[in-house]
Number of protein chains: 2
Amino acid sequence: MLRTNTCGELSKKELKKKVSLCGWVHSRRDHGGVIFIDLRDRYGLTQIVFDPSHNKEVHKMADKLRREDVIQAKGAVRSRTKGMANPKLKTGEIEVIVSELKVFNKSEVPPIEIDDRKPSGEDTRMKYRYLDLRRPSVQEKFVIRHKTMQVAREFLSARDFLEIETPMLIKPTPEGARDYIVPSRVHPGKFYSLPQSPQLYKQILMVAGFDRYFQFPRCLRDEDLRSDRQPEHTQLDVEMCFAEQEDIFELTEELMEQIFKKVLNVKLKTPFLRMTYDESMLRYGNDKPDLRFGLELKDVTSIVKGGEFKVFKEVAKNKGIVKGILVPRGGEFSRKKIDTYLDYARSCGAGGMVWMKVSKGVLESNVAKFFSEKIQKELIKTLGAKEGDMIFLVGDSVKVTNGTLSRVRQRLGQELNLINEKEFNFCIITDFPLFEWNSDEEKWDPMHHIFTAPREGDLKYLEKDPSKVYGQLYDLVLNGTELYSGSIRNSNVEIQERMMKVIGMSKEEAKDKFGFLLEAYRYGGPVHAGFGLGFDRLVALMCGTEDIREVIAFPKSKSAENLMDGCPLVVDQKELKEVHIELNDFAKKSLNKK
Amino acid sequence: MLRTNTCGELSKKELKKKVSLCGWVHSRRDHGGVIFIDLRDRYGLTQIVFDPSHNKEVHKMADKLRREDVIQAKGAVRSRTKGMANPKLKTGEIEVIVSELKVFNKSEVPPIEIDDRKPSGEDTRMKYRYLDLRRPSVQEKFVIRHKTMQVAREFLSARDFLEIETPMLIKPTPEGARDYIVPSRVHPGKFYSLPQSPQLYKQILMVAGFDRYFQFPRCLRDEDLRSDRQPEHTQLDVEMCFAEQEDIFELTEELMEQIFKKVLNVKLKTPFLRMTYDESMLRYGNDKPDLRFGLELKDVTSIVKGGEFKVFKEVAKNKGIVKGILVPRGGEFSRKKIDTYLDYARSCGAGGMVWMKVSKGVLESNVAKFFSEKIQKELIKTLGAKEGDMIFLVGDSVKVTNGTLSRVRQRLGQELNLINEKEFNFCIITDFPLFEWNSDEEKWDPMHHIFTAPREGDLKYLEKDPSKVYGQLYDLVLNGTELYSGSIRNSNVEIQERMMKVIGMSKEEAKDKFGFLLEAYRYGGPVHAGFGLGFDRLVALMCGTEDIREVIAFPKSKSAENLMDGCPLVVDQKELKEVHIELNDFAKKSLNKK
């Protein structure tokens, strides 16, 4: 056994014990000829001491040790000198006086500091990820990730869910946008694709009668460079037979309660708030509301359309919408600060944003004159504004108004310090529209995916007015981030065929895309439901970061490259020939340019 | 809630309880107008009864139910009529008299029977895998797989191992034989590859100080068609810092003990037998001996070379080897049966095999005359043969002799019923040679992989005689199947460079292949060790099968196709253009031929 203990566990209980520790030289100090080294491993730091009066030879060896050398030190545990204890450290009361030293491997001077107080630039961190990962604050995130996975697995296993692996090499979807494809060597000219999600296969598992399934699948998608997503991410994928929405919601609540309790020791408030999609759009302007603060949007179209402000009158006439948001104590905002918000609103897509301060019971603004005192008072009342507050108004299409004001709301929440960063506020959004109108192609598209069951009462509108058909669709939202999307699946072949007609999908196209699943449902498809949770996102939020790369061991850069191993790379002609492909002219030119 | 209970749990405890069950119609019998249906789900079968005198309408509906229809049945639990209880069934004492019936989905006549007693052909099973998977004996294997994974995870988590995911899209290895490559859309002309194992990345995790790691990674390899391997398989990948071989072996023993105890309720014998590679080759002719039976091979070269049998004399002269195996009661073998073994030996590569029966203290055979009585008696003694036994002898190169006799031994074990099929006999093979001579290219190749540490005492031979250098390499073997291969890794940059010289790998080549790992070790590489266990193989053996496809939900066929979803497939020209590749002429011709 090379070590008797880790560097994170010795205390006064082990005084005089002979121990052997292994780890990295974290820091080294020389005090009057005695060398003190903080030895580091994943579990902590232990001070080890090289005293020439204790062992001359070992002290001499220690004199050559440098940061990040990997060593084994044997010696006895003793109390630190009075006044030298470090109460911040688990091992802060003791030190090990070293009698034997073995240097496993020396380190060159590391290009980045293994010190949380001295973070390096993003690219350097990623190139030397193995050094970056040595930082305790970085390692801690992977401990949280690990624990979260294990808690989820134990929770689901205890409830009869089976973890079943679905394939990585699957059928390419015709027009499978952003699918990674993989040429086959043994079948020249044919390809597999990598899964963007195990959706079809988990549905097959339900048809196969596995009843309750989960998996932490890797999902791959050839994302655009501008995206801040990763080409591969991990889901927590769950599906269960004979479940209704409330069964899924209760499962979700219990799962999250256990995860947050056992991993972070945080007690969540349950049940999570349920809110329909329509209500969320009305009150927050989006379908993933951050409920850690208020500032609800108010529809004021009917109020302002009576005024003289032309923009709003036009909006009302064109089926647009005018919505307002309260800015508490916004009356104090400087003109410059107001302008920042107006610019931000424009960058979000709105033509502009109107601001008005509440002063002496009426509104003050460059456009206040267009609104009668009655309208002003109604606005103040509707928005619940008080003396010294401000209101922002945006009038545009429903989409642009909501899109703009929901983002203005989020920014206000942050800048006015309305957000408790330690709060985890979950909600469940329900009843999404099943279809959305694609005005480019003048057709209906499925809003989620084609295997979602419509609300039973809405079936009658399916052919007449698809916009009135809502799906048994639900999202889990945490602090304004969508964590999962799920639905009651449609297992009924007849309804499936009606839905395909609505979106204009021919039987041939359906067969090409997911024929094997449609066929499977012909042999007794169970009612089933589930979700696919963005696991990296959950862990990132638990770690207090928004960047999922912080919780992925070897993430790709924003341009889908791994700076450590250098992928993707040019491969030999010989290897291309092995899998029966060639670069096309565009690829050849691109490579030559570089 | 659609169901109050599963189909596998009701008993007399629930008499009179109103229940709701959901599941598949497994079978249907009509007895004097009363319809009995076995309703099936993953948990079992429950008899449900439709009696027209109880509910006429529901009985009428039930009359239309057919096999594999999916229904919900509500009713009360009651005792079965006297004498009708089924003691083989958990729910065999009760039945549910149905008052309400809902048909979720009807089933067409299934193309295969959901009945373990009526298995369908391989191809049909795979095409309709969702029906094949409904069979209880098939589902049971996935319960075992699930439990094995969870037990392993709990065991490793409790010992501070962290589950960390390594990337699926990695750096292509130059000349990476059998690597799947993946063209990048956003980097025209460049490729990722899919991992054959996470080896390099888990070593990086050790350099990063994670101390103890595990993962159940998917490993992908573009196998040849003739292979019976799968293009993707799952490993249990484990690595730990500051470990010596015995630490790994003890961990392995405890892990396997827990798995077999908790999943199969089988108590394993520990410690597992340790045996060196050299000893295993000597006694069993291979490095994965099936120790459930004896029949050890004996080297008899020195005995037979004194005889007149030319073949063996030549073998001895040419540094070959003659080995023998005892065939208990083989004297009873018919001439025809003996011939089957002789043919088998030839099919294993040997020029021939010699047989001799023990009769009256000497040997009887067509070649016995070439051996003096003294030699015959020596052979009998060395092989421990008794009256009525037989011995087989093979003389050839060391490789062919061992290869042939180890397979003859396995066949004898099976055909003589020497194997207890319920036994799980583990052993650990140690001290493999580090290099093997590649006579085609006249150079030394690494026998395992280049990051294996040599035995410390053997370093002195590294340049002088690589054949004398053994590695700190070990395999775990179960019943003659290699389950894992592992090693103490070489973290020392200087030794690494010496080893590369031995195998003739230039610094440039090393840098191309795994430059980032070599660089990582420059910054303080810890001593570490681990293994990658073939998880599908373990589960298959636990389920009593040798075919890993039985424990993979959606396996590929022997020609790497998925008969259910149809992959691999031809993809559109448009999609190829998206990722900047074209088919080469060979691929185009291959497709046109079909």
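The values are calculated or read from the model by the stated rules, or taken from the named source; none is laboratory data. Since the structure is predicted, the reported quantities are computational estimates derived from the model, not experimental observations. Backbone-built Cβ (ideal geometry, glycine too); neighbour counts: all protein chains shown. Heavy atoms of the whole protein, side chains included, go into the accessibility calculation; ligands, DNA and RNA do not. Shrake-Rupley method; radii C 1.70, N 1.55, O 1.52, S 1.80 Å.
Couple of notes before you dig in:
- Residue match in the range B:348-371 (condition: closer than 30 Å to residue B:529 by Cα and exposed (fewer than 15 other Cβ atoms within 10 Å of the Cβ)): no
- Test for residue B:280: is it of a type in the set (S, T, N, Q) and either more than 30 Å from residue B:434 (Cα to Cα) or surrounded by fewer than 20 Cβ atoms within 10 Å (Cβ to Cβ) (or both): no
Residue-by-condition table, conditions (1) more than 24 Å from residue B:166 (Cβ to Cβ); (2) touching a residue at least 12 places away in the same chain (Cβ under 8 Å); (3) in the same structural domain as residue A:17 (by TED's automatic domain parsing); (4) not β-branched (Val, Ile, Thr):
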| site | (1), (2), (3), (4) |
| --- | --- |
| A:55 | yes, yes, yes, yes |
| A:69 | yes, yes, yes, yes |
| A:73 | yes, yes, yes, yes |
| A:85 | yes, no, yes, yes |
| A:89 | yes, yes, yes, yes |
| A:115 | yes, yes, no, yes |
| A:123 | no, yes, no, yes |
| A:131 | no, yes, no, yes |
| A:144 | no, yes, no, no |
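- Scanning the range B:33-82 for residues that are open to solvent by 80 Å² or more (accessible area, probe 1.4 Å) and farther than 18 Å from residue A:524 by Cβ yields a total of 8.
- Set B:507, B:501: member being out of contact with any Ser or Thr (no Cβ under 8 Å at 6 or more places or on another chain) and free of Cβ contacts under 8 Å to residues at least 12 places away in the same chain: B:507
- Residue B:90 meets each of the listed conditions (1) part of a loop (DSSP other than H, G, I, E, B); (2) within 20 Å of residue B:217 (Cβ to Cβ); (3) not small (Gly, Ala, Ser) apart from (2).
- Failed criterion for residue A:170 (all others in (1) over 28 Å from residue A:452 (Cβ atoms); (2) at the interface with chain B (Cβ under 7 Å from one of its Cβ atoms); (3) open to solvent by less than 30 Å² (accessible area, probe 1.4 Å) hold): (1)
- For the range B:98-196, the helices (runs of 4 or more DSSP H) that sit wholly inside it and include 3 or more residues that are over 27 Å from residue B:530 (Cβ atoms) and within 22 Å of the chain's Cα centre (by Cα) are B:122-127, B:136-158.
- Taken together, the criteria place residue A:30 among residues that are acidic (Asp, Glu) and open to solvent by 50 Å² or more (accessible area, probe 1.4 Å).
- Subset of the range A:232-243 [among the polar types (S, T, N, Q) and either within 10 Å of chain B (Cβ to nearest Cβ) or open to solvent by less than 10 Å² (accessible area, probe 1.4 Å) (or both)]: A:234
- Counting the residues of the range B:298-336 that are part of a loop (DSSP other than H, G, I, E, B), more than 22 Å from residue B:282 (Cβ to Cβ) and open to solvent by 50 Å² or more (accessible area, probe 1.4 Å) gives 3.
- Looking across the range B:400-440, the residues that are surrounded by fewer than 19 Cβ atoms within 10 Å (Cβ to Cβ) and assigned to a loop (DSSP other than H, G, I, E, B) come down to B:416, B:417, B:418, B:419, B:420, B:421, B:422, B:423, B:424, B:439, B:440.
- When the range B:173-193 is limited to residues that are of a type in the set (A, V, I, L, M) and facing chain A (nearest Cβ under 7 Å), the one that is most open to solvent (accessible area, probe 1.4 Å) turns out to be B:186.
- Considered as a group, the residues in the range B:566-587 that are facing chain A (nearest Cβ under 7 Å) and assigned to a helix (DSSP H, G or I) include one that is least open to solvent (accessible area, probe 1.4 Å), and that residue is B:587.
- Residue count for the range A:537-565, restricted to those that are in a loop (DSSP other than H, G, I, E, B), over 17 Å from residue B:172 (Cα atoms) and of a type outside the set (D, E, K, R): 7.
- When the criteria are applied in full, residue A:161 fails the requirement of being of a type in the set (A, V, I, L, M, F, W, C) and buried (at least 24 other Cβ atoms within 10 Å of the Cβ).
Per-residue answers, yes or no, for (1) open to solvent by less than 10 Å² (accessible area, probe 1.4 Å); (2) farther than 21 Å from residue A:246 by Cα; (3) not in a loop (DSSP other than H, G, I, E, B):
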position: A:457; (1), (2), (3): no, no, yes
position: A:464; (1), (2), (3): no, yes, no
position: A:474; (1), (2), (3): yes, no, yes
position: A:498; (1), (2), (3): no, yes, yes
position: A:511; (1), (2), (3): no, yes, yes
position: A:516; (1), (2), (3): no, yes, yes
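Conditions (1) within 14 Å of chain B (Cβ to nearest Cβ); (2) under 23 Å from residue A:84 (Cα atoms); (3) of a type in the set (Val, Ile, Thr); (4) in contact with a Cys (Cβ under 6 Å, 6 or more places away or on another chain), marked per residue:
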{"position": "A:14", "(1), (2), (3), (4)": "no, yes, no, no"}
{"position": "A:29", "(1), (2), (3), (4)": "no, yes, no, no"}
{"position": "A:32", "(1), (2), (3), (4)": "no, yes, no, no"}
{"position": "A:44", "(1), (2), (3), (4)": "yes, yes, no, yes"}
{"position": "A:51", "(1), (2), (3), (4)": "no, yes, no, no"}
{"position": "A:61", "(1), (2), (3), (4)": "no, no, no, no"}
{"position": "A:71", "(1), (2), (3), (4)": "yes, no, yes, no"}
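- Filter result for residue A:123 (under 22 Å from residue B:526 (Cβ atoms) and surrounded by fewer than 19 Cβ atoms within 10 Å (Cβ to Cβ)): no
- Count of the range A:283-297 residues which are open to solvent by less than 60 Å² (accessible area, probe 1.4 Å), part of a loop (DSSP other than H, G, I, E, B), in contact with a Ser or Thr (Cβ under 9 Å, 6 or more places away or on another chain) and of a type outside the set (S, T, N, Q): 5
- A residue that is under 30 Å from residue A:560 (Cβ atoms), part of a loop (DSSP other than H, G, I, E, B) and of a type in the set (D, E, K, R) cannot be found anywhere in the range A:236-249.
- On inspection, residue B:503 fails the criterion of being open to solvent by 10 Å² or more (accessible area, probe 1.4 Å) and either at the interface with chain A (Cβ under 10 Å from one of its Cβ atoms) or under 30 Å from residue B:266 (Cβ atoms) (or both).
- Among the residues here, residue B:91 does not qualify as under 15 Å from residue A:520 (Cα atoms) and of a type in the set (Ser, Thr, Tyr).
- Residue match in the range A:198-205 (condition: facing chain B (nearest Cβ under 8 Å), out of contact with any helix residue (DSSP H, G or I) (no Cβ under 6 Å at 6 or more places or on another chain), within 24 Å of residue B:186 (Cα to Cα) and touching a residue at least 12 places away in the same chain (Cβ under 8 Å)): no
- For residue A:211, the test of being modelled with pLDDT under 95, out of contact with any Gly (no Cβ under 7 Å at 6 or more places or on another chain), crowded, with 19+ Cβ neighbours inside 10 Å and within 12 Å of another protein chain (Cβ to nearest Cβ) is failed.
- Top-ranked residue of the range A:216-231 - restricted to ones that are assigned to a strand (DSSP E or B) and open to solvent by less than 10 Å² (accessible area, probe 1.4 Å), ranked as farthest from the other protein chains (Cβ to nearest Cβ): A:219
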